[in-house]
Amino acid sequence: MKNLLLLLLAFSYCSIAVAGDKKKPKKMNVLFISVDDLNIHLPSFGYTSVSAPNIEKLKDQGVLFQQAYCQYPVCGPSRASFLTSMYPPQTKIFSNGPHVTDTRPDAVSIGKVFQENGYWVANTGKVYHPNAEDFEWDAKRTLKMKDNDLVLHLKGKFEKEYGPIDNEEKRKAWEVIKKQYQDDDRQGKHALPLPIKDGIPLEDDLNLATFSEWIDEASYGDKPFFIAYGFHKPHVQYTAPQRFFDMYPLDKIHPEEVPIDDWNNKPLIASWKRYEAFEDIYFGLSSMEARKRYMQGYYACISYIDDILGQMVNKLKEKDLWDNTIIVFFSDHGYHMGNHYLYGKVSLYEESAKSPLIIRVPDNKNNGTSVKKTVELIDVYPTVTELIGLSNPTTVEGTSLVSLLKNPEDKNFQKVALTYAKRGKLMGKSIRTDRYRYTQWGEDEDQSELYDYEIDPKEYMNKVNDPDYTDVLKQMRKIYKDKVTEANIIDIKSK
């Protein structure tokens with residue numbers, strides 16, 4: 001009897017000890033997806049001829065922010081901004097050259113915050129601008145493309161004309177032709193739509209392969225993961241497998257005509273010469289046939305990355321990670337496809353400054369709804385950290401959007417978005433409220449623009465000199481000065 005009692009006591013002790021050793025449930029995983037140069041040409045924004053079913057599904061399973069704006073419409077400055085949650089004057093980054101680690105060594109990027117809080121952090125694709133990290137990833141993509149996009153496109157043409165490169169004669173001929181594209185013109189000095197033979201892995205396919213490997217092998221171990229995933233497309237060149245080009249026959253693409261007087265009352269300093277990289281494109285001319293070719297390539301790239309996004313989501317579901325993973329999906333900035341006769345980015349108009357932003361939190365009762373309030377990309381950082389329950393560094397300037405995830409019509413949330421763009425040494429600054437945009441180039445108020453999106457969503461009518469907008473202009477200029485002053489404060493801790 002005594003031995004039985006001791007045995008029961010020992011069993012009871014072990015049970016208590018095991019219960020006490022139970023691990024806390026893992027925190028939510030985070031899949032942080034940024035897209036390079038994706039504009040709002042998506043069904044959610046009225047472009048129903050563009051096929052992006054997986055982006056649409058993600059929107060239906062998350063919250064779409066219809067008015068999210070970047071802080072600088074160029075890759076480097078924008079990424080420096082949203083990865084640190086600071087405005088460009090605070091990061092001191094206004095071009096693709098310098099890194100925040102040099103200009104603001106006190107800034108702490110979002111990846112570092114997650115790593116310091118016990119997350120397994122990994123990166124595949126372009127999220128941080130190259131060599132701009134303030135920490136070392138636990139894992140990075142190591143797969144490389146054998147040939148660049150231009151070579152792959154040319155190889156497809158060669159094989160279409162001469163057949164497979166399967167003998168010495170063809171190999172020698174191909175090597176001679178290949179040499180003209182030894183340099184990989186990914187910055188698009190000459191922008192080109194480039195269909196690639198189906199089945200050949202491109203940059204974004206390699207990103208997917210790396211992501212799938214991490215998920216299949218549970219490389220994160222027993223830690224929650226923060227995976228920064230950067231889509232390369234639709235950045236130039238407009239490279240995608242042929243089947244995605246086939247989705248957009250040229251005779252089915254109908255670009256909207258730009259009014260011939262679009263620039264009659266706009267300051268010319270607001271224009272941008274990026275169109276010079278596009279064949280047969282001229283400022284002030286619609287060039288419809290050329291525009292169709294570029295839209296075909298751009299849309300093919302959108303459908304291409306959309307297809308990959310669908311595979312990523314399926315992989316998460318396959319490994320039972322979908323219900324425990326927060327997904328953030330957005331672009332570093334927008335992109336012109338001929339509106340205002342402009343192509344590319346670096347403007348302060350809607351199609352350049354606006355980014356499609358989707359935040360998907362499992363079991364959020366408001367998933368499937370949209371937020372129409374104005375927000376900034378610097379708000380993504382503090383939103384994600386709040387969702388996880390992490391503290392922000394003191395340098396974080398953005399505003400958490402969690403209140404809007406809980407209530408998309410939160411009347412207490414009011415924000416003005418601020419975007420910068422340079423023309424040489426002259427700085428343009430633009431503010432966006434829920435209804436209006438005011439833009440000023442330098443300190444000269446004569447070089448300014450005012451748009452009312454309630455009556456002019458395409459920004460054709462600059463209302464700066466319209467007497468009916470005198471009071472609106474006065475109010476917007478005051479908001480502009482206050483917002484610019486706020487963003488110019490370098491020592492954020494003193495605010």
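Values for this structure:
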| read-out | value |
| --- | --- |
| Test for residue 196: is it within 19 Å of residue 326 (Cβ to Cβ) and aliphatic (A, V, I, L, M) | no |
| Residue tally, condition crowded, with 18+ Cβ neighbours inside 10 Å and either touching a Ser or Thr at 6+ places or on another chain (Cβ under 8 Å) or polar (S, T, N, Q) (or both), over the stretch 264-296 | 6 |
| Qualifying residue in the stretch 253-260 (condition: within 27 Å of residue 49 (Cα to Cα), in contact with a Ser or Thr (Cβ under 7 Å, 6 or more places away or on another chain) and surrounded by 17 or more Cβ atoms within 10 Å (Cβ to Cβ)) | yes |
| Search result, residues across the stretch 349-378 that are part of a loop (DSSP other than H, G, I, E, B) and buried (at least 24 other Cβ atoms within 10 Å of the Cβ) | 349 |
| Any helices (runs of 4 or more DSSP H) falling wholly within the stretch 136-254 and containing at least 1 residues that are among the β-branched types (Val, Ile, Thr) | 149-162, 168-178, 203-216 |
| One residue from 455, 492, 388, 479 being crowded, with 17+ Cβ neighbours inside 10 Å, at pLDDT 95 or above and not charged (D, E, K, R) | 388 |
| The stretch 391-406: number of residues that are touching an Asp or Glu at 6+ places or on another chain (Cβ under 7 Å), in a loop (DSSP other than H, G, I, E, B) and open to solvent by 40 Å² or more (accessible area, probe 1.4 Å) | 1 |
| Residues of the stretch 442-495 satisfying the condition of being under 18 Å from residue 398 (Cα atoms), polar (S, T, N, Q) and without any contact (Cβ under 8 Å) to a residue 12 or more places away in the chain | 485, 494 |
| Extreme residue, nearest to residue 188 (Cα to Cα), among residues of the stretch 38-57 that are of a type outside the set (Gly, Ala, Ser) and surrounded by 24 or more Cβ atoms within 10 Å (Cβ to Cβ) | 38 |
| Near pairs, Cβ below 6 angstrom, 6+ apart or cross-chain, from the stretch 317-329 (under 10 Å from residue 360 (Cα atoms)) to any residue that is of a type in the set (Val, Ile, Thr) and open to solvent by 10 Å² or more (accessible area, probe 1.4 Å) | 326/361 |
| Any hit, the stretch 407-430, residues being open to solvent by less than 30 Å² (accessible area, probe 1.4 Å) and farther than 26 Å from residue 480 by Cα | no |
| Residue list for the stretch 189-208, restricted to those being open to solvent by 50 Å² or more (accessible area, probe 1.4 Å) and either in contact with a Phe, Trp or Tyr (Cβ under 6 Å, 6 or more places away or on another chain) or small (Gly, Ala, Ser) (or both) | 199 |
| Complete set of residues in the stretch 84-106 that are more than 21 Å from residue 430 (Cα to Cα) and buried (at least 22 other Cβ atoms within 10 Å of the Cβ) | 100 |
| Scope the stretch 423-439; condition more than 16 Å from residue 347 (Cβ to Cβ) and in contact with a strand residue (DSSP E or B) (Cβ under 9 Å, 6 or more places away or on another chain); matching residues | 433, 434, 435, 436 |
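Table: residues versus (1) within 28 Å of residue 63 (Cα to Cα); (2) of a type outside the set (A, V, I, L, M, F, W, C); (3) in contact with a strand residue (DSSP E or B) (Cβ under 7 Å, 6 or more places away or on another chain).
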{"position": "441", "(1), (2), (3)": "no, no, yes"}
{"position": "449", "(1), (2), (3)": "no, yes, yes"}
{"position": "455", "(1), (2), (3)": "yes, no, no"}
{"position": "462", "(1), (2), (3)": "no, yes, yes"}
{"position": "467", "(1), (2), (3)": "no, yes, no"}
{"position": "481", "(1), (2), (3)": "no, yes, no"}
{"position": "488", "(1), (2), (3)": "no, yes, no"}
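The rows are residues; the columns are (1) in contact with a strand residue (DSSP E or B) (Cβ under 6 Å, 6 or more places away or on another chain); (2) part of a helix (DSSP H, G or I).
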site: 72; (1), (2): yes, no
site: 79; (1), (2): no, yes
site: 96; (1), (2): no, no
site: 113; (1), (2): no, yes
site: 121; (1), (2): yes, no
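Here's the yes/no breakdown for (1) in a helix (DSSP H, G or I); (2) open to solvent by 30 Å² or more (accessible area, probe 1.4 Å):
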position	(1), (2)
381	yes, no
437	no, no
440	no, no
445	no, yes
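The values are calculated or read from the model by the stated rules, or taken from the named source; none is laboratory data. Computed from a prediction, not measured in an experiment: that's the story for all the values here. Virtual Cβ from ideal backbone geometry, glycine too; neighbours counted across all protein chains shown. The accessibility values were calculated without ligands, DNA or RNA, using every heavy atom of the protein model including side chains. Shrake-Rupley method; radii C 1.70, N 1.55, O 1.52, S 1.80 Å.
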